[in-house]
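In what follows, a structure is listed as structure tokens, so that the remarks can point back to it.
The values are calculated or read from the model by the stated rules, or taken from the named source; none is laboratory data. Everything numeric in this text was worked out from a predicted model, so none of it was measured. Here the Cβ positions follow ideal geometry from the backbone for every residue, glycine too, while neighbour counts run over all protein chains shown.
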Amino acid sequence: MNSVTASAVRKTQLLTLVVIASNVVGNVSLSHGMRQVGKIVSASPLDYARAFANPWAMAGVLVLALWMISDLALLSRADLSFVLPVTASAYVLIALAGHFLLHERISAQRWVAIVVITLGVVLAEETPPRTTEGAPEHLL
Amino acid sequence: MRWILVGIIALCNTVGDVLNTAGMKRQGEAELDPRSVAHMVAGIFRNPLVLAGLGALAVAFIALLSLLSISNVSFAVPATAISYLLETLLAKYVLKEKVTWRRWGAASLVAFGVLMLSW
């Protein structure tokens, strides 16, 4: 592998880590904030806007904005069918964070689910990140 | 109510991710220095595929907020399980990615694991 390819692979790996970490931190923070806010099922945007007065919800939204940008950057470098399973490790970390930080109970079945998802992540990581060249012209 | 929200999230996530992938591939590989990131973000606002994709994801996000407020995080986030298989299918036939047995296996394991989380 030449140095240009190695550097490209490292950038893709770094982006993958940013996508996973920001997904976990953003969702845990937002979930914590939304539970302090209470139930909202409403068609009015104002009811959702009020939720952002909560600092945890606000912080969660900001970190999820970073997640969105890093996810788009990653999709510019890697296949969707690679990005999806690999970034699913966020579910495992979110469940663990829910357990250790928000004190949610994890049943035996959820522990099995966590192992199954982890196997999927490992399997996807063994494929090359990108299998296409250029853009999908037929869509443009 | 929960399951209606789950359906909206799955559908909008799938459409959004496929449009975003196509749009970002057209924009070219992103670099990581601040100048390139700023350039990439500016490019997104002139990229109709990504704008449409983000619109679909915004709808999914509002549905997710509702779902998070009536159930806990371990239920709400994995509610998108179905979209994993649907997105892998569209990645193969619409985005023309080489979806090998490893990728199908990975998507299936993740989708199954995510469903188990919400049982």
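Would you mind finding the one in A:Ser29, A:Ser70 that is more than 8 Å from chain B (Cβ to nearest Cβ), closer than 30 Å to B:Pro48 by Cα, crowded, with 17+ Cβ neighbours inside 10 Å and in contact (Cβ under 8 Å) with a residue 24 or more places away in the chain? The match here is A:Ser70. Scanning segment B:20-35 for residues that are more than 7 Å from chain A (Cβ to nearest Cβ), surrounded by fewer than 20 Cβ atoms within 10 Å (Cβ to Cβ) and assigned to a helix (DSSP H, G or I) turns up B:Pro34, B:Arg35. The condition (being under 22 Å from the mean Cα position of the chain (by Cα), modelled with pLDDT of 95 or more and not basic (Lys, Arg)) is satisfied by just one residue among A:Val63, A:Val28, A:Val24: A:Val63.
When A:Ile106 is tested against the conditions (1) assigned to a helix (DSSP H, G or I); (2) at the interface with chain B (Cβ under 8 Å from one of its Cβ atoms), the lone failure is (1).
Matching residues to (1) free of Cβ contacts under 8 Å to residues at least 24 places away in the same chain; (2) on the phi < 0 side of the Ramachandran plot; (3) crowded, with 22+ Cβ neighbours inside 10 Å:
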site: B:Ala10; (1), (2), (3): no, yes, no
site: B:Val18; (1), (2), (3): no, yes, yes
site: B:Val37; (1), (2), (3): yes, yes, no
site: B:Leu54; (1), (2), (3): no, yes, no
site: B:Ile70; (1), (2), (3): no, yes, no
site: B:Ile82; (1), (2), (3): no, yes, no
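Of everything in segment B:88-113 that is small (Gly, Ala, Ser) and at the interface with chain A (Cβ under 7 Å from one of its Cβ atoms), the residue that is nearest to A:Glu133 (Cα to Cα) is B:Ala91.
This table checks each residue for (1) touching a His at 6+ places or on another chain (Cβ under 9 Å); (2) in a helix (DSSP H, G or I); (3) β-branched (Val, Ile, Thr).
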site	(1), (2), (3)
A:Val9	no, yes, yes
A:Leu30	no, yes, no
A:Ala57	yes, yes, no
A:Ala90	no, yes, no
